[in-house]
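Here's the structure, in structure tokens; my notes come after.
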Amino acid sequence: MNLILRRISRISYALIVLLFLVTPAAATFTLSSVAYTPNPPMVTGGQQQVVATYYIGPSGSTTFIKGHELQMQTDLANARWNIQVIQNGRNAAQQSASGSAAFVNGEILSYPNNNDVSLQVTVDGVVPQTQSDQVMLLQVEEIDNSNSVVPGSVITLSQPVAGQPVTVVQTVLPTLTPPVIISPAPTKSAGFTQAAGILALGLVLFIRVRGDG
């Protein structure tokens with residue numbers, strides 16, 4: 001009996017040591033919600049905003065590994081960042097940045113695993129000219145202690161671009177004036193003219209005959 005108890009104790013001890021030697025797993029980092037202003041499709045050269053909220057699940061005894069960090073990138077030009085850590089429904093930490101990339105230290109994301117932690121990221125910028133029909137608005141990835149991307153941690157948000165608005169030029173055709181048809185003046189027929197001459201000659205002869213008589 002004592003031998004069995006000793007073996008159980010040795011197994012339990014080995015399991016405890018093994019748990020301490022295991023490398024902590026990556027945090028559970030998932031997208032909770034996202035909003036775009038204005039709504040896509042985007043217009044090249046126009047202002048664009050994206051607000052994304054991420055849930056950070058427990059990683060072992062904490063919500064995030066302190067030695068890790070989050071790297072964020074965007075293809076928006078003149079980008080401005082506002083990053084808000086929310087702990088149990090309250091604003092816990094805030095930071096801002098500008099440019100195409102921003103970083104969040106794991107220290108401000110790490111809480112005991114009985115906490116509800118999320119991250120709200122707001123990016124404002126200008127939609128760039130691109131050969132593609134998509135623009136990457138926000139990409140978030142977890143970076144470990146060796147500066148490598150943690151597998152399965154990359155979340156990318158891209159949206160379509162409509163391009164510059166097309167101005168439709170309407171061609172106005174000139175109004176055509178209907179042609180004026182001029183009817184030729186009626187001509188007297190030769191028969192009518194000859195008959196009138198004979199009648200006039202007869203009248204003159206009649207007058208002379210009466211005068212002679």
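Remarks
- Of the criteria (1) touching a Phe, Trp or Tyr at 6+ places or on another chain (Cβ under 6 Å); (2) more than 18 Å from VAL123 (Cα to Cα); (3) surrounded by fewer than 17 Cβ atoms within 10 Å (Cβ to Cβ), which one GLY67 fails: (1)
- Among all positions in the stretch 136-156, there is no residue which is surrounded by fewer than 15 Cβ atoms within 10 Å (Cβ to Cβ), aliphatic (A, V, I, L, M) and under 20 Å from the mean Cα position of the chain (by Cα).
- Scanning the stretch 93-125 for residues being over 24 Å from the mean Cα position of the chain (by Cα), buried (at least 16 other Cβ atoms within 10 Å of the Cβ) and in a strand (DSSP E or B) gives a total of 3.
- If you go through the stretch 63-82 and keep only what is out of contact with any helix residue (DSSP H, G or I) (no Cβ under 9 Å at 6 or more places or on another chain) and part of a strand (DSSP E or B), you end up with GLN71, MET72, GLN73, ALA77, ASN78, ALA79, ARG80, TRP81, ASN82.
- Answer from GLN120, GLN73, GLN94 - the residue that is free of Cβ contacts under 8 Å to residues at least 60 places away in the same chain and under 22 Å from THR28 (Cα atoms): GLN94
- Selection status of VAL140, assigned to a strand (DSSP E or B), closer than 24 Å to THR62 by Cα and touching a residue at least 60 places away in the same chain (Cβ under 8 Å): yes
- With respect to the conditions (1) farther than 30 Å from SER100 by Cα; (2) of a type outside the set (Val, Ile, Thr); (3) at pLDDT 90 or above, ALA200 lacks only one, and its number is (3).
The values are calculated or read from the model by the stated rules, or taken from the named source; none is laboratory data. Here the structure is a predicted model, which is why all the values come from computation and not from measurement. Note that each Cβ is placed from the backbone with ideal geometry, even for glycine, and that neighbours are counted across all protein chains shown.
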